[in-house]
Amino acid sequence: MAAGVSVKHGLLCSKARLVYGLQRKISPYSVCIQRAAEIQSVRASTSTTGDSQHTQKYCLDLVRSRDYDGFLSSLLLPEKARRSSLALRAFNVELAQVKDSVSQKTIGLMRMQFWKTAIEEIYRDEPPNQPVSTELWRAVRTHKLTKRWLLRIITEREKDLDDRAYRNLQELEAYSENTQSSLIYLLLECLGVKNVQADHAASHIGKAQGIITCLRATPYHSSRRKVYLPMDICMLHGASQEDFIRGSREQNIRDVVYDIASQAHVHLQHAQSFSHNVPAAATPAFLPTVVLEDYLHRVRRVDFDVFHKSLQNRNPLLPIQLYIRSWKKTY
């Protein structure tokens, strides 16, 4: 009888301890703490997602408004490279607009120093709290982008703050190589392409793009009483800066434009000479050639009158032309 009572008492004690333990595990305080932690985790995740969407949209809107041709080209890139391409182009826009947005060179140098520091912090996984920096950090982590190309773009843009005309065509080509070509090298890295022939083509395309960008911007710069066209070619044809500021359409001005445009055309031809050896995966990075060829065709049609109004209008067929070139996987 005593043994039976002892066994029963032991079972009751075990049951009591089990119930007490369960009560501790599911006590209201514990449940609240766990629930609060879950909510905080969800909120953090939602916040991170929201911030990511904000920075992505910021870059997309910036490129669409300030580099429409680059925006269209980026949309036709493979999905894995599209977001990073927009980040790189947004970075390029940020640097490009420094020169026109500051009244003193010192302020421009401060802006450039910010970006130099930002690049160093990005590669330490400590990006500044700025939308373009955040997206650029994501692109660097995703594609292991080469820091040298990013810093080279900043350094060259910094030199350009001197606000003077290029002394000769070679100086304009060097500027284009260090800015536009460097950007294309980075786009090739986003596409996972490592190919010497592709790099050679990128170099020539970047130079052509820099030269044509200088031509396209001539009416805008002239309206602000600034001329950046190579001085050696202007002197060769007896064209003064005042002629461009007045918007002259004389033959000597057209001859200057012809010579500069011809050099851009030569670079495009050189780039196309590598096409048989360039992997198809690289061609999306070379889509801007469509834009360059379109401008050269239109400026030739108006007899190299760089001030012709038709050159200031967008080609409505450009999106279709870019899509067809993308579908063909050629450049």
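The values are calculated or read from the model by the stated rules, or taken from the named source; none is laboratory data. Since we're looking at a predicted model, the values are computed, not measured. FYI the Cβ positions are ideal-geometry reconstructions off the backbone, even for glycines, and counts take in every protein chain you see. Remember, those area values only see protein heavy atoms, side chains included, never the ligands or the DNA or RNA. Shrake-Rupley method; radii C 1.70, N 1.55, O 1.52, S 1.80 Å.
For the reader, a short list of remarks on this structure follows.
- Across the range 223-229, computed HN-Hα scalar couplings (Karplus, 6.51 cos²θ - 1.76 cosθ + 1.60, θ = phi - 60°) run 5, 9, 6, 10, 9, 10, 5 Hz from first to last residue, x flagging Gly and Pro.
- The order of S275, S85, S223 by accessible area, most exposed first and with a 1.4 Å probe, is S223, S275, S85.
- Exposure of K57 as accessible area (Å², to 10), given a probe of 1.4 Å and all protein chains: 120
- Total formal charge among the other residues, if their Cβ is under 15 angstrom from that of A282, Lys/Arg +1 and Asp/Glu -1: +3
- Toward the positive end of the charge dipole of the range 164-330, with +1 on the Cβ of Lys and Arg and -1 on the Cβ of Asp and Glu, the farthest Cα among N315, Q251, I184 is that of N315.
- Accessible heavy-atom area order of W327, W137, W115, highest first, probe of 1.4 Å: W327, W137, W115
- The range 164-330 - Kirkwood radius from inverse mean 1/r over Cα pairs (Å): 16.5
- Set K57/K328; K116/K144; K80/K194; K105/K144; K57/K147 screened for pairs whose C-alpha atoms are more than 21 Å apart: K57/K328; K105/K144; K57/K147
- Neighbours of Q56, meaning other residues whose beta-carbon lies under 15 angstrom from its beta-carbon, give a summed charge of +4 when Lys and Arg score +1 and Asp and Glu score -1.
- Accessible surface of the range 53-163, 1.4 Å probe, proportion on carbon and sulfur as whole %: 49
- For the range 174-331, the fraction of 1.4 Å probe accessible surface lying on carbon and sulfur atoms is 53 percent.
- Relative contact order (%) - criterion: Cα under 8 Å, at least six apart; region: the range 164-330: 28
- Taking every C-alpha pair closer than 8 Å and separated by at least 6 residues, the mean separation divided by the residue count of the range 53-163 gives a relative contact order of 31 percent.
- Radius of gyration, Dmax [the range 94-149; alpha carbons; angstrom]: 12.3, 37
- Rg(Cα)/(2.2 N^0.38 Å) for the range 53-163, N = residue count: 1.03
- Modelled FRET efficiency - R0 22 Å, K147 with D61, Cβ distances, 0.05 increments: 0.25
- Theoretical gain in end-to-end length, E120 to S223 [0.36 nm per residue, Cα-Cα removed]: 33.3 nm
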